[in-house]
Amino acid sequence: MWDYTDKVKEYFYNPKNAGVLEDANGVGDVGAISCGDALRLMLKVEQDTEIILAAKFQTFGCGSAIASSSALTELIIGKTVTEALELTNQDIADFLGGLPPEKMHCSVMGYEALRAAIANYKGDTWEDDHEEGALLCKCFGVDEGMVERAIRVNKLTTMEQVTHFTKATGSCGTCVESVESVLARVNADMVAAGEIDAALAFDPARAALPQRRERVKSSPLTTAKPQMTLLQRIRIIEAAIEELRPYLKADGGDCELVDVDGDRVMVRLSGACVGCQAASVTIGGIQERLATKLGRPLRVIPVPPGH
């Protein structure tokens, strides 16, 4: 289990500003459920002063994603859009007392959603409304712009850091060379600008292909229990859900396993869990627990009642 701070746990179990903001005039969407993480950030901005009067979020992801999204709303309410744009993903992580390195991508997702929501408020075209060619990591829907910003803002110099901050290269590994190219280019620009020391910059010549492949295979995002059959996975998933059900029932809800298809786990929520504003929190908690049990990333997808 990840070593979360008390504040991360607080904002996961009791998220602030979760739900729909009906009168939002700025909406930012990043990620996709098909990629494992998705976030919608909604802003209500006062037109004359450009002060963010309210902010709410809906997220599909792990506990860190929920906590980071909640923290982001707390950080930006009361700020002008200009002040909000000065925030970085590190500010989100710091607000929470820190995040595990492997979960920093959750704060980056919040940073990206904020930029998208403010662009939407201003009527601008969000620069990450990209064509297919700009998409580097298809497994997690990570494009070149997101990778480049994460490298610059957080002064990343290794592929492991890029994976932790963006999830890129964290699954099939086919995007490794493309991501390495971006890392090398951006690091070179940062060295020229005096932002990082040349000795720290990523050097693709030192990253031999066999080493890259081994690094991807051993990534914490891709490590799975060896030789696990589908039946074994289903049994582990069933056992993990059974462990969670008493807690859901205590709040008037319930959850049952419907199907397992590759890395997609379909579940059916019932009782108080259906239509609840915190349903995404419930799904995120289930996904976090199952990923920990199986030692690999997966997507928990809620199936509507009757299906």
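For the stretch 131-175, a residue qualifies if it is at pLDDT 90 or above, among the aliphatic types (A, V, I, L, M) and buried (at least 24 other Cβ atoms within 10 Å of the Cβ), and the qualifying residues are MET146, VAL147, ALA150, ILE151, LEU156, VAL162.
Considering every residue within the stretch 74-82, establish whether at least one is over 22 Å from the mean Cα position of the chain (by Cα), part of a helix (DSSP H, G or I) and surrounded by fewer than 23 Cβ atoms within 10 Å (Cβ to Cβ).
Yes, some residue in the stretch 74-82 is over 22 Å from the mean Cα position of the chain (by Cα), part of a helix (DSSP H, G or I) and surrounded by fewer than 23 Cβ atoms within 10 Å (Cβ to Cβ).
Filtering the stretch 267-291 to residues that are closer than 17 Å to ALA239 by Cβ and at pLDDT 75 or above leaves VAL267, ILE286, GLN287, ARG289, LEU290, ALA291. The residue list GLU86, GLU22, GLU102 contains one member that is in a helix (DSSP H, G or I) and of a type outside the set (A, V, I, L, M, F, W, C), which is GLU102. Counting only residues that are more than 14 Å from ALA113 (Cβ to Cβ) and not acidic (Asp, Glu), the stretch 68-80 holds 4 of them. Taken residue by residue, the stretch 108-131 has at least one member that is assigned to a loop (DSSP other than H, G, I, E, B) and hydrophobic (A, V, I, L, M, F, W, C). The set of residues from the stretch 18-28 being surrounded by fewer than 19 Cβ atoms within 10 Å (Cβ to Cβ), in contact (Cβ under 8 Å) with a residue 40 or more places away in the chain and of a type outside the set (A, V, I, L, M) comprises GLY19, ASN25.
Whenever a residue of the stretch 70-90 is in contact (Cβ under 8 Å) with a residue 40 or more places away in the chain and within 20 Å of GLU10 (Cβ to Cβ), its partners that are basic (Lys, Arg) and assigned to a loop (DSSP other than H, G, I, E, B), lying with C-beta atoms within less than 7 angstrom and at least six residues away or across chains, give the pairs SER70/LYS16; THR73/LYS16; GLU74/LYS16. Looking at ALA93, is it farther than 21 Å from SER171 by Cα and out of contact with any Gly (no Cβ under 8 Å at 6 or more places or on another chain)? Considered against the rule, which asks whether it is farther than 21 Å from SER171 by Cα and out of contact with any Gly (no Cβ under 8 Å at 6 or more places or on another chain), ALA93 comes out as yes.
The values are calculated or read from the model by the stated rules, or taken from the named source; none is laboratory data. What you see is a predicted model, and the numbers here were worked out from it, not measured in a lab. Methodologically, a virtual Cβ is constructed for each residue, glycine included, from the backbone with ideal geometry; neighbour enumeration extends over all protein chains shown.
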